[in-house]
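Take this structure, written in structure tokens, and hold onto it; I'll ask about it next.
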């Protein structure tokens, strides 16, 4: 492993965790991987530290004294889009869905290996870096055969342009920005329609059906926009 230069920026993490033995082991491991770690041992301390310092990523346990991890996540999201990875002993799907809905970028369930956590940290930071590069340019999104020129509001599938309506464009853009991640119906509706949405989720389903008719080789057996039953939709990464 090559040594970091003095001018190379180190990644600064806020670790929010109240189990002391877990904190010690994790801090040592993350330091060895080249991360600088600040520690908050309860939810209120996490909020105080976050508002008084700058962090590149937050590792956030759910079960915390004083203020819950979910409320800490909600509070951070009111003022910042810093990446947040939830670390929790809970593994039920409903909890994972809720984490994504309130703004978490990823989640890791205990027990886990340090190597897995570090890989997820770097993946989240890499996605954020790539997203910032796109925002600074003309913003071109390209996942699999789909290429989207956001500024020009044009979409291409395998090189052929397809015409999308406004909501369809916004919906596909959101899916492309989160490849491989499940986006719940509630998140999709909130981000695409906002307060303009009226009624149940059938309108969303109709838009998904039309998108599939435009971008899928076989809309009845979609390869790109998959349904996660009872949860939402996911844009599948290109299979090798």
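The values are calculated or read from the model by the stated rules, or taken from the named source; none is laboratory data. Given the structure is predicted, the values throughout are model-derived calculations rather than measurements. Here Cβ is always computed from backbone atoms with ideal geometry, including for glycine, and neighbour counts include all displayed protein chains.
Taking residue 177 and the conditions (1) outside the structural domain of residue 70 (by TED's automatic domain parsing); (2) at pLDDT below 85; (3) under 25 Å from residue 74 (Cβ atoms), which numbered condition does it fall short on, given that it satisfies the others?
Unmet for residue 177, out of (1) outside the structural domain of residue 70 (by TED's automatic domain parsing); (2) at pLDDT below 85; (3) under 25 Å from residue 74 (Cβ atoms): (2).
Criterion first (free of Cβ contacts under 8 Å to residues at least 12 places away in the same chain, surrounded by 14 or more Cβ atoms within 10 Å (Cβ to Cβ) and outside the structural domain of residue 124 (by TED's automatic domain parsing)) does residue 156 satisfy it?
Values: free of Cβ contacts under 8 Å to residues at least 12 places away in the same chain: yes; surrounded by 14 or more Cβ atoms within 10 Å (Cβ to Cβ): yes; outside the structural domain of residue 124 (by TED's automatic domain parsing): yes.
Spelling it out, residue 156 is indeed free of Cβ contacts under 8 Å to residues at least 12 places away in the same chain, surrounded by 14 or more Cβ atoms within 10 Å (Cβ to Cβ) and outside the structural domain of residue 124 (by TED's automatic domain parsing).
Can you name the number of the only condition in (1) part of a helix (DSSP H, G or I); (2) under 21 Å from residue 109 (Cα atoms); (3) in contact with a strand residue (DSSP E or B) (Cβ under 8 Å, 6 or more places away or on another chain) that residue 74 fails?
(3)
The rows are residues; the columns are (1) at pLDDT below 90; (2) surrounded by 14 or more Cβ atoms within 10 Å (Cβ to Cβ); (3) assigned to a helix (DSSP H, G or I).
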| position | (1), (2), (3) |
| --- | --- |
| 21 | yes, no, yes |
| 27 | no, yes, yes |
| 31 | no, no, yes |
| 38 | no, yes, no |
| 50 | no, yes, yes |
| 54 | no, no, no |
| 65 | no, no, no |
| 80 | yes, yes, no |
| 87 | yes, yes, no |
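Within the group 71, 95, which residue is within 16 Å of the chain's Cα centre (by Cα), modelled with pLDDT under 95 and surrounded by fewer than 18 Cβ atoms within 10 Å (Cβ to Cβ)? Give the derivation first.
Numbers: 71 fails: within 16 Å of the chain's Cα centre (by Cα).
Among 71, 95, only 95 is within 16 Å of the chain's Cα centre (by Cα), modelled with pLDDT under 95 and surrounded by fewer than 18 Cβ atoms within 10 Å (Cβ to Cβ).
Return the residue satisfying two criteria in turn: it lies in segment 156-172 and is over 16 Å from residue 236 (Cβ atoms) and under 23 Å from the mean Cα position of the chain (by Cα), and of such residues it is modelled with the lowest pLDDT. Give the derivation first.
Going through segment 156-172, the residues over 16 Å from residue 236 (Cβ atoms) turn out to be 156, 159-170.
From the residues that got through so far, the ones that are under 23 Å from the mean Cα position of the chain (by Cα) too are 167-170.
Working: 167: 84, 168: 89, 169: 91, 170: 89.
Out of the qualifying residues, it is 167.
In the set 172, 164, which member is in contact (Cβ under 8 Å) with a residue 24 or more places away in the chain, surrounded by 19 or more Cβ atoms within 10 Å (Cβ to Cβ) and either assigned by TED's automatic domain parsing to the domain that holds residue 83 or not in a loop (DSSP other than H, G, I, E, B) (or both)?
Values: 164 fails: either assigned by TED's automatic domain parsing to the domain that holds residue 83 or not in a loop (DSSP other than H, G, I, E, B) (or both).
Residue meeting the stated conditions: 172.
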